[in-house]
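The next block holds one structure in the form of structure tokens; read it before the comments.
Every number in this text was worked out from the coordinates using simple rules, so none of it is lab data. Keep in mind that this is a model prediction, so the values were computed, not measured. Methodologically, a virtual Cβ is constructed for each residue, glycine included, from the backbone with ideal geometry; neighbour enumeration extends over all protein chains shown.
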Amino acid sequence: MSRLFRIVALAVMLLPLMGSARTISDFFASEPGKIFPLLTRTNRLDMVDYYNNGQDVDMVNNLEGTSTFRDLDSTYLMIATSGSRTVEMRLLTSGKDSLIAVIETAKLPVCDSRISFWTTDWQPAKNGDKMFAMPTIDDFIARDMPRELRRDLQDAMIFPVINLTFAGEGLNTLVASHMLKDFLAPSEYARFEPYLKPHIYYRINGTKRIKTVKEQ
């Protein structure tokens, strides 16, 4: 690929992307550094080029670590930005309206996630805080857990550790998983396990609020 072609391609990708961008790769390239501070735009363009050409290449990031794609299609990507952090991006579309859902997961060493919602020009979505209610550990606990055991679990949890990921057909399911098995000692976790559901499933329906569905 000629140097001139690369310069022109980069210039195009850096133009403000409103409704013109059609794939998640476009938004990955245009992200202004709020989500991907370790990767320059040139890094990201190179990563997309390599991946689309069937090359699994680790990109050296700004901290001299490596970042690599784990999955990429027109509406979804997963990238390991470092050895301890992954990012998933999912394009949500309803008619002419589009939002970008971003899951950031840190391994501390147990996986813990947060989700945010952005417009296509990378501004926080106006109703982003209403798009999804992040579950708490209490949401995974069965109603018949004995009160004393519930208190013990609450005392054992210094902070909630919940992993999020997109899954299912068309990646139209958001899965929340508590990470208590990894967080607690095996003997301690065994006390609580019978009263815990491992996952909570949510239905993705375009840019509408993401709501819970029955366990699959």
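How would you rank 161, 175, going from fewest to most other Cβ atoms within 10 Å of each one's own Cβ?
The most exposed by this proxy come first: 175, 161.
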*Grab the beta carbon distance between residue 71 and residue 151, set R0 = 45 Å, and tell me the FRET efficiency rounded to 0.05.*
0.65
*For residue 157, list long-range residues whose amide hydrogen, built 1.01 Å from N in the peptide plane, is under 5 Å from its own amide hydrogen.*
none
_Reachable lysines from residue 197, criterion Cα separation under 18 angstrom, eight or more residues apart if same chain_ = 181, 211, 214
_Nitroxide proxy distance, nm - points 7 Å out along Cα→Cβ at residue 182 and residue 119_ = 3.5
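Treat the count of other C-beta atoms within 10 Å as a stand-in for reagent exposure and order 178, 199 from fewest to most.
199, 178
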*Could you compute the FRET efficiency for residue 82 and residue 52, with r as their C-beta to C-beta distance and R0 at 22 Å, rounded to 0.05?*
0.45
*In 10 Å bins starting at 0, how do the alpha-carbon pair distances of the chain split up by percent?*
7, 30, 31, 20, 9, 2, 0
*So how do 31, 188 line up by other beta-carbon neighbours within 10 Å, fewest first?*
188, 31
*asked:* Under 5 Å between amide hydrogens, which residues at least 5 positions from residue 65 or on another chain qualify, with H placed 1.01 Å from N in the peptide plane?
replied: none
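Using a/c under 1.5 as the rounded threshold, could you call segment 73-181 rounded, prolate or oblate? The axes a ≥ b ≥ c are square roots of the C-alpha gyration tensor eigenvalues, and prolate needs a/b larger than b/c, oblate otherwise.
prolate
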*For the chain, what is the calculated [θ] at 222 nm in deg cm²/dmol (nearest 500), taking -39500 (n - 2.57) for each run of four or more DSSP H residues and dividing by its residue count?*
-7000 deg cm²/dmol
*Would you mind calculating the gained length between residue 107 and residue 190 on full extension (0.36 nm times residue separation, minus the Cα-Cα distance), in nm to one decimal?*
27.6 nm
_To check my understanding: the extent here is largest minus smallest coordinate of the Cα atoms along each principal axis. What are those three numbers for segment 15-138, in Å, largest first?_
40, 37, 22
*Given +1 on the Cβ of Lys and Arg, -1 on the Cβ of Asp and Glu, and no further charges, what dipole in debye does the chain carry about its Cα centre, rounded to the nearest 20?*
660
